[in-house]
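First comes the structure, then the notes that go with it.
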Amino acid sequence: MNDEPHSSPSPVQEDFARLLNEFTPCAHLQRGDVVQGRIVRVSRDLILVDVGTKCEGTISGPELEQMDPKTIAQLKPGDRVMVYVVDPEGPGGVPVLSFTRAQAEQDWAYACSLQEKGELVELTVAAANRGGLIVYLGRLRGFIPASHLSPSRGAPRVSDPDCWQFLSRLIGASLKLAIIEADQERNRLILSERVAEQQRQVRSKADILNSLREGEIRRGRVSNLTPFGAFVDIGGVDGLVHLSEISWRRIEHPGEVLHIGQEVEVVILSVDRERQRISLSIKRLQPDPWTSAGQRYQVGQLVECRVTRLTRWGAFACIVGDEEIEGLIHTSELDGPDGDAIREFVHPNHVLTVRIIRMEPERHRLGLSLRQVEQWEGTAGPDAPQVGVEADGRPLEDVYA
């Protein structure tokens, strides 16, 4: 066994390696490489390309026949081109190159890049068959299944006899497309107009969400009504106007004051970009009726109210003719003036004459009494007594809904 360390190459060995490299100039080229070369000569049956080796590579035979004559006519010595290495050591050690396969490799790389980045591409429909449309991405033949056209086109099913005529009418049309499959090994390039449309909508929604600011006023259109509020389209995205933000007066359903398709002005209350939720208000663009309630009403005053709802704490009622102002008749104030127990007879829409016993306009709260209707005669006004209604140890302000 020889334990001596390996000696470095001698000058003779280095010269031999250099000469070997010079006389095997294609050793650094690999089959399947796409490299840049410089055209040396163009003739009817041969194109010579300098790819950095001692001998030029050739494009000839069937490869040359596949090339568009117009493309060949535009090539001239000195032009830089990308070529595909078909065989690094062809006949006589001369590299065999392909111009069209290099373009196809670049096209596949471009297609894969578009798919990975989720970018769209606009292509012209070249042909149609019974299953869909044919487009070309560079030299790649792509297919758009009929089921992947935009739903807005209303394309018939492939099994429908009218589908062929429908697809044929799209030849020559320019479509924005997303690549949903780019498989070079299987030579499959599948595109979708439907997916492209979905991606545009998602991006458009994200852009709109990013542009919204709290407190901003927007004009929109009512797109849907639900028991809990109204959805309003404000230029491509829907925001929710909660039931409590539609009107200053109490309503049971948005349909009482709104209808689908109605144009409304809304103010943006909040924007949750992560959850893609927008809170809107209609009523905050209208004057707050409670601001001047203290000028129209005072403690001790008798008013007619319509019962709006019943709760365990009593009955809520709005002032007739001023329905935005709603107060609470606490259960302890629901007896009649003579002490008669009439609370079981009170029902929604029942109109009652009641006395105002508490005013808190700044908090949108009003205390009412049926029991005290015949009391305070001659004492109504600022000096009238304030009655703090309580039940089960809970003050009035804790029972407002």
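Listed values, structure above:
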quantity	calculated
The stretch 87-126, residues that are aromatic (Phe, Trp, Tyr), buried (at least 18 other Cβ atoms within 10 Å of the Cβ) and farther than 16 Å from Gln36 by Cα	Trp108
Residue in the stretch 159-171 that is more than 23 Å from Glu185 (Cα to Cα), assigned to a loop (DSSP other than H, G, I, E, B), touching a strand residue (DSSP E or B) at 6+ places or on another chain (Cβ under 8 Å) and not polar (S, T, N, Q) present	yes
Condition met for Ser150 (of a type in the set (Ser, Thr, Tyr), surrounded by 13 or more Cβ atoms within 10 Å (Cβ to Cβ) and in the same structural domain as Gly57 (by TED's automatic domain parsing))	no
Answer residue from the stretch 64-99, given it is in contact with a strand residue (DSSP E or B) (Cβ under 8 Å, 6 or more places away or on another chain) and assigned to a helix (DSSP H, G or I) and is farthest from Arg200 (Cα to Cα) among those	Leu64
Qualifying positions in the stretch 57-103 - within 18 Å of Asp45 (Cα to Cα), touching a residue at least 60 places away in the same chain (Cβ under 8 Å) and under 49 Å from the mean Cα position of the chain (by Cα)	Leu97
The stretch 112-138, residues that are of a type in the set (S, T, N, Q) and not in a strand (DSSP E or B)	Ser113, Gln115
Single residue of the stretch 268-292 satisfying the filter (within 19 Å of the chain's Cα centre (by Cα) and farther than 17 Å from Arg203 by Cα) that is surrounded by the fewest Cβ atoms within 10 Å (Cβ to Cβ)	Ser270
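Results for (1) modelled with pLDDT of 90 or more; (2) surrounded by 13 or more Cβ atoms within 10 Å (Cβ to Cβ), shown as yes or no for each residue.
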| site | (1), (2) |
| --- | --- |
| Ala128 | yes, yes |
| Val135 | yes, yes |
| Leu140 | yes, yes |
| Lys176 | yes, yes |
| Ile190 | yes, yes |
| Ala196 | yes, yes |
| Val202 | no, no |
| Lys205 | no, yes |
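Conditions (1) farther than 13 Å from Asn224 by Cα; (2) touching a helix residue (DSSP H, G or I) at 6+ places or on another chain (Cβ under 9 Å); (3) not in a strand (DSSP E or B), marked per residue:
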residue: Leu240; (1), (2), (3): no, no, no
residue: Ser247; (1), (2), (3): yes, yes, yes
residue: Ile251; (1), (2), (3): yes, yes, yes
residue: Val266; (1), (2), (3): yes, yes, no
residue: Ser270; (1), (2), (3): yes, no, no
residue: Arg275; (1), (2), (3): yes, no, yes
residue: Arg284; (1), (2), (3): yes, yes, yes
residue: Trp290; (1), (2), (3): yes, yes, yes
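The values are calculated or read from the model by the stated rules, or taken from the named source; none is laboratory data. Quick caveat: nothing in here was measured; it's all calculated off a predicted structure. Don't worry about glycine lacking a Cβ; one is built from the backbone with ideal geometry, like all the others, and counts go over all protein chains shown.
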